[in-house]
Amino acid sequence: MQGGSMISEEDVRAIVRLLGEAAALGSDVHAKKRRIMSGLAELVDADAWIWVVSRYAGPKDPPMCVSFAQDGFDDRGVGLIMEASQDTNNLPPYNEPLVQEIIESGGNHITRTRRDLVSDDGWYHSSHFEQYRKPLGVDEYVYSIFPLREGLFSAVGLHRKLGRKPFDARQRRLAHIVVSEIKWLHHAGVPEDAGDSVPELSPRLRTVFGLLLEGWTRKQMAAHLGLSVKTIAEYTKAVYRHFEVN
């Protein structure tokens, strides 16, 4: 149990309907994930969502994306998310407390809001907030972290636009329950090697890899990262070679 917060019969019925609708979508893993997340975002009144599978080496290191899905962010926003994930000079202030909670959880699923992890002062005066959250136009969040194995996590993020109130205990509880009950989806779509070789990529190649997962073209990546299309082409080839993709 988390926080002891109660949910209503109406909430329970909404969760059951959502899980049933996702299960009825057959074998399309991506469609199931998107249905779950769009329904969960509606349940907790979120403006955007992200679902990633990531590897973490430690609290001082950036996460390494293995799979990525989102809704609510435009191309520029996705690019900022990928850049932020690899920027070790502007790590989010919640990074260390969140990783510490994951360690202390003993491998159990945890769900936290921004206010559970970092104070208003620590959040709004951080370089991460100024450099990434403001330009993204998002503020409050709920993060639900589901361990898959040591160092590998399925992570759901639900976000609200700047100026909106924080998520409350009921909404955090709803997110926790839904994410807990989709064990069958957390492992789906994860590469066979579970991203074991991703840490071998440089931070720049990890950013390109993440944008490739989101379906970006070389031209889009070049424009966003301020590089030539030729340079992006070389980075893309390096990623393909790394994963032995022709």
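The values are calculated or read from the model by the stated rules, or taken from the named source; none is laboratory data. Here the structure is a predicted model, which means the values were calculated and not measured. Because the Cβ atoms are built from the backbone with ideal geometry, glycine has one as well, and the counts that use them run over all protein chains shown. SASA here: full protein model, heavy atoms, side chains in, ligands and nucleic acids out. Shrake-Rupley method; radii C 1.70, N 1.55, O 1.52, S 1.80 Å.
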### Query
What's the extension gain from Leu25 to Ser202 if we count 0.36 nm per residue and subtract their Cα-Cα distance?
60.0 nm
### Message
Given bins 10 angstrom wide, list per bin the percent of all Cα-Cα distances in the chain, short to long.
### Response
7, 31, 38, 20, 4, 0
## Note on the structure
The correct pair for segment 72-125, radius of gyration to one decimal and Dmax as a whole number, both in Å and from Cα atoms, is 13.3, 37
### Query
For segment 1-144, with only Lys/Arg (+1) and Asp/Glu (-1) charged at the beta-carbon, what is the dipole magnitude about the Cα centre, in debye rounded to 20?
440
## Note on the structure
Taking 0.36 nm per residue of separation between Lys165 and Ser180 and subtracting their Cα-Cα distance, the length gained on full extension comes to 2.9 nm
#### Entry: Theoretical ellipticity at 222 nm over the chain - DSSP helices of four or more residues, -39500 (n - 2.57) apiece, nearest 500
-13500 deg cm²/dmol
### Query
Remind me, what semi-axes does segment 40-130 give for its equivalent ellipsoid, largest first in whole Å, using sqrt of 5 times each Cα gyration tensor eigenvalue?
20, 17, 16
### Query
What's the extension gain from Glu130 to Val245 if we count 0.36 nm per residue and subtract their Cα-Cα distance?
37.6 nm
### Simple label model, 7 Å out from Cα along Cβ direction - Leu227 to His187, nm
3.5
### Message
At R0 = 25 Å, how high is the FRET efficiency between Arg149 and Glu96 if r is their beta carbon distance? Nearest 0.05 is fine.
### Response
0.70
### Query
Which lysines, on any chain, are close to Lys237 with Cα under 21 Å apart, when same-chain ones fewer than 8 places away are left out?
Lys219
### Task
Excluding residues on the same chain fewer than 8 positions from Lys165, give the lysines whose Cα lies under 25 Å from its Cα.
Lys134
### Message
Can you tell me, using C-alpha contacts under 8 Å and at least 6 residues apart, the relative contact order of the chain as a whole percent?
### Response
23
### Task
Obtain the radius of gyration and the Kirkwood radius of segment 2-50 from its C-alpha atoms and give Rg over Rh.
1.02
### Estimated distance in nm for a label pair at Val12 and Ser105, the labels positioned 7 Å out from Cα along Cα-to-Cβ
2.5
#### Entry: Accessible area of the chain belonging to carbon and sulfur atoms, whole % at 1.4 Å probe
50
### Query
So what is the relative contact order for segment 22-114, in percent, with contacts set as C-alpha pairs under 8 Å and at least six apart?
19
### Query
For Lys32, which aspartates and glutamates qualify as cross-link partners when the Cα separation must be under 16 Å and same-chain residues fewer than eight apart are set aside?
Glu21, Glu42, Asp71, Glu181
### Query
What does the accessible area per residue of segment 1-130 come to in Å², with a 1.4 Å probe and no ligands, DNA or RNA counted?
49
